[in-house]
Amino acid sequence: MDPWIELNNKVLAGGVVDTSHDQEALRVYFREKVNPNTVTFPSLEEKIATLTERGVWDPAVFARFRPSEVRAVFERAYSLNFRFRSFMGAFKFYSEYATMTPDRKQWLERYEDRLSVTALARSESLPEALELVEHLVNQTFTPATPTLMNSGKANTGRLVSCFLLQDCTDNLDSITKTLSFVAELSKGGGGIGVEVSNLRARGESLRGIQNVTKGVMGVAKMLDNMLRYADQAGQRPGAGAIYLSVMHPDFLDTLSAKKIASDEDARLKTLSMGATVPDIFLEKARAGQDIYQFYPHSLFQETGREFTSIDWTREYETLAANPRLRKKLVSPRRILEDIAVTQGESGYPYLLFEGNANRVNPIPNVGTIKMSNLCSEILQPTLPSTFHAYGQEEKDQVGLDVSCNLASLVIEQSLASGDLGRVVRSAVKLLDNVARSTSIHEVPAVKRANEEMRSIGLGAMGLHSFLAKNELVYGSPEALEFVNVYFAAVHYHARRTSMQIARDTGFVFQGFQGSRYQTGEHFAQYLHEDFLPTTPEVAALFDGHALPTRADWQALVQDIQTHGLAHSFVMAIAPTGSISYVSNASASIMPITERVETRTSNKARTIYPMPHLSELTEWFYEEAYDMDQKRVIDTVAAAQRHVDQGISCTLFVPSNASTRTLQRYYLYAYAKGLKTLYYTRLRKVSIDECLNCAI
C-alpha cells in the first residue's frame, strides 16, 4: 500500500476520527508522489513551447496573448500560494484532472498550470484572465468538469457533456436520427436526456394496420444498447435518460424495465428514466379518482397535435370526453405506488413536476418545459425536430434542444472573497464564453439553441459544510434564511451580468421579446419583498457584502427591459461529484451522507473527513439518512425560489421506509414548489454519481 494511502486510512483507525492523519497523508503524497513525478521545464516559455508542440496545449490559446501577458497569468496563479486542504482533494485532482504523459507515469501540469490555461482559454483580455485565474485558484467557483479538463487543450473533448434532445418524434426517420445523435454525443462522453412521450404506444396502428407498434420500449431498448455500444473506446458505458409522461399508456411497462426483478430481455441496464407528472395527475391521485392515459397516434390523428404539446391539466376534461380518442383508464395512486416501489429498488425514476416547472417558466413564448437531463436540474423549453428520409433533407425542421453550460459557486469561498457580486460576474462571464465557444455541429437543434438562447447554469456547492462550520443546523429556520438570502443575491448578480453583456455586445437571446423577463413578471417577488437577513446570526455571514435591495431590483428590471438579456437562463444547481472534493466542500446543497466518507478510487481505499470536522462541528453534521426529508425539501424549496431552472434534489431514506412515506415526500415536494426530484437513495443502495453534469 502506498504510504499516503496508508496514512489517509489511519483517519478511521480504531474507529476514532483523527483528521491529522489526513494532513500528513497530503504532505507525503506531494513529497513522495506528485513532486518527484512532475516534469519540470527550464522556463515557462519552454514549457509552453514543448506542450504545444506535443499537441497537449492548444497553440491558438497562447497566440491571442503576448508572452508577457501569459506570464502574468501564470505568475498570478502561483502567487496565490494555493494549498489543498484534504488528501482526497489533491488525490482527485492529480488522478482525474491534471494532464499526464501518455504512459500516465508523470504529470505535465500542476494545479496552477491547469487553471492558468483554463483562464487564458476562457478569457478575451488580460484583465479578464487575471480576474478569472484568481477566482479559479481561490476556488470561489469552479466550472463543470469537461470545461476544467478540456479548456486550452489541443484535440480534446468538448467543453460541455450534458445534452437534452426532443428529436424523437413519431416517425422512423426521427427515431433513427435520434439514435445517431445519441451515438455521436455518447462516444465523446456526453450524457443525454431524450424525450420519448411522442412515440406511439404499444399496440397502436401503423399504416392502417392495428395493434402492431412496439411502443416506447422498442426505442428505449435501442437507446440502451447504443449507450453501451458507444462507450468512449471502452472507458465507461454511455449515460442517458428517457423522459416519459405518466399520461402515456406505456408508462408502467417502461417503469417495470427499471425494476431489479424485471426480465433480462426487457430490462434497461444502462438507460435511466424520468417521469413527467402534470398537475391533473396529482389532483386525481389526491382525490382518489382514476385518470385516462392517451394513445399518442390516436391523439395526433384526432387533433393534429403531438403528445407533448398538450396542456394536460387545462385540456384533460375535453380530451377525456372525446369518444374518438383511444385511451386507457388507470389509477394514479397505483402508479405512484409503482413509482415508489421502483425507486426503492433502483432509485428511478426521476420526477419532473410539469406544472411547477411551467408556472415559473420565464419564456413560455418560446415553448413549454417537457423534460430534463440526466441529473434533473436542467429545465428549458424544447421544440421537437422533424427529420425526413435521405434526399428530402430540405423538409427537415430543426427544433430546440439543449446543451448544459454549467459551473458551481463554492459557498464558503465565495463569501470569504468579500464580494459575492464580483465572484458571480466572473462566473457568468466564463459561462458566456463556454456557450459562445461551443458548437455541436452533429446535433443541429443543440447547435441552434446554443447560438440563439445561450443558456447557462450557475449553481452552488458546499452548503452543509458551510452551515456546519458556522454552527447552523441544516434545514433550520436560520439555515433556510441563509439559503434564501444567498441565492437571491446570486440571482441578482447573474441577471445583472447577463444584462450588461447584452448591453455591451448587442446580443440578446432570441425569445426575450414577449418573455416574462421583458414584462418584468419574472422578477415580481423581488419588487415586493426584500431578501435580506433578519436574524443576527445570518446577517453576520454576509458581513461586508452589498446585498441587493428592492430598489436595486427595480433599477435592474428597468435596465433589463431596456437592454435585454444575453442568456435565456442563468442558474441551475447540479450535483457536484469529484470537484467538490477538490474544492473542499460538501456536495451541492444536499446534506452529507457520512461525516467521514470512504471511497474506492483507482483501486485504493481513501478516506474523506468532511471539511472543518471537529468535536465542535460534528453535531452540526447530521447525516442525511437520519434527518426528516422535509428539511431537505424545505432547503431546496428556499433555493428554488431564485433558481430559474432546477435543482438536483436527492431523497435519502432508510431501507425500511414505506412506499407511503415516499409518496408523502413526492406530494410535499410538489406542494413546496420543487420542479424535480432526482434519485431516491436507500441507505443500503449505492448509485454511481452522474459523471456528465457532475460539476
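The values are calculated or read from the model by the stated rules, or taken from the named source; none is laboratory data. Keep in mind that what you see is a predicted model, and the values were worked out from it rather than measured. As a convention, Cβ positions derive from the backbone with ideal geometry for all residues, glycine included, and neighbour counts pool all protein chains shown.
Within the range 278-290, being touching a Ser or Thr at 6+ places or on another chain (Cβ under 8 Å) and within 28 Å of Asn211 (Cα to Cα) holds for Pro278, Asp290. Being at pLDDT 95 or above and assigned to a helix (DSSP H, G or I) holds for only one residue in Ala539, Ala585, Ala566, and it is Ala539. Meeting the requirement of 2 or more residues that are in the same structural domain as Arg71 (by TED's automatic domain parsing) and acidic (Asp, Glu), the helices (runs of 4 or more DSSP H) wholly within the range 1-60 are 44-53. Residues of the range 521-536 that are outside any loop (DSSP other than H, G, I, E, B) and among the hydroxyl-bearing types (Ser, Thr, Tyr): Tyr526 alone. Against the conditions (1) within 29 Å of His612 (Cβ to Cβ); (2) crowded, with 23+ Cβ neighbours inside 10 Å; (3) touching a Leu at 6+ places or on another chain (Cβ under 8 Å), His135 satisfies every one except (3).
Looking only at residues of the range 14-55 that are among the aliphatic types (A, V, I, L, M) and modelled with pLDDT under 95, we find that the one that is surrounded by the most Cβ atoms within 10 Å (Cβ to Cβ) is Val17. Selection of first residues in the range 205-227 that are at positive phi and of second residues that are buried (at least 18 other Cβ atoms within 10 Å of the Cβ), restricted to Cβ pairs under 6 Å at least 6 apart or on distinct chains, gives the following pairs, ordered by first then second residue: Gly215/Ala201; Gly215/Arg202; Gly215/Asp250.
In the range 542-563, which residues are of a type in the set (Asp, Glu) and assigned to a loop (DSSP other than H, G, I, E, B)?
Asp543
Taken across the range 267-284, residues that are without any contact (Cβ under 8 Å) to a residue 40 or more places away in the chain and polar (S, T, N, Q) do not occur at all. For the range 617-670, filtered to residues that are out of contact with any helix residue (DSSP H, G or I) (no Cβ under 6 Å at 6 or more places or on another chain), more than 23 Å from Pro533 (Cα to Cα) and β-branched (Val, Ile, Thr), the residue that is surrounded by the most Cβ atoms within 10 Å (Cβ to Cβ) is Thr650. Taken together, Ile363, Ile339 contain a single residue that is buried (at least 21 other Cβ atoms within 10 Å of the Cβ), modelled with pLDDT of 95 or more and not in a helix (DSSP H, G or I), which is Ile363. When restricted to residues that are out of contact with any helix residue (DSSP H, G or I) (no Cβ under 7 Å at 6 or more places or on another chain) and under 30 Å from Ser298 (Cβ atoms), the range 128-184 contains 12. Applying the condition of being among the acidic types (Asp, Glu) and assigned to a loop (DSSP other than H, G, I, E, B) to the range 273-330 and asking which residue is nearest to Ile260 (Cα to Cα) yields Asp290. Scanning the range 420-432 turns up one or more residues that are surrounded by fewer than 21 Cβ atoms within 10 Å (Cβ to Cβ), of a type outside the set (D, E, K, R), under 25 Å from Ile589 (Cα atoms) and more than 20 Å from the chain's Cα centre (by Cα).
Return yes or no: is Tyr316 among the aromatic types (Phe, Trp, Tyr), surrounded by 15 or more Cβ atoms within 10 Å (Cβ to Cβ), under 27 Å from Pro364 (Cβ atoms) and touching a Cys at 6+ places or on another chain (Cβ under 9 Å)? For Tyr316, the condition - among the aromatic types (Phe, Trp, Tyr), surrounded by 15 or more Cβ atoms within 10 Å (Cβ to Cβ), under 27 Å from Pro364 (Cβ atoms) and touching a Cys at 6+ places or on another chain (Cβ under 9 Å) - is not met.
In the range 103-129, what count of residues is obtained for those that are touching a residue at least 24 places away in the same chain (Cβ under 8 Å) and assigned to a loop (DSSP other than H, G, I, E, B)?
Residues flagged as touching a residue at least 24 places away in the same chain (Cβ under 8 Å) and assigned to a loop (DSSP other than H, G, I, E, B) within the range 103-129 amount to 7.
Going residue by residue through the range 513-520, is there one that turns out to be part of a helix (DSSP H, G or I), closer than 27 Å to Ser648 by Cβ and out of contact with any Gly (no Cβ under 7 Å at 6 or more places or on another chain)? So far as the range 513-520 goes, yes, one or more of its residues are part of a helix (DSSP H, G or I), closer than 27 Å to Ser648 by Cβ and out of contact with any Gly (no Cβ under 7 Å at 6 or more places or on another chain). Among the residues of the range 90-102, those that are in contact (Cβ under 8 Å) with a residue 24 or more places away in the chain and in contact with a Leu (Cβ under 8 Å, 6 or more places away or on another chain) comprise Ala90, Tyr97, Thr99, Thr101. Checking every residue in the range 651-667 against the condition of being over 29 Å from Met273 (Cα atoms), outside the structural domain of Thr505 (by TED's automatic domain parsing) and touching a residue at least 40 places away in the same chain (Cβ under 8 Å) gives zero matches. Condition check for Pro42 on (1) touching an Asp or Glu at 6+ places or on another chain (Cβ under 7 Å); (2) within 29 Å of Arg122 (Cβ to Cβ): one failure, at (1).
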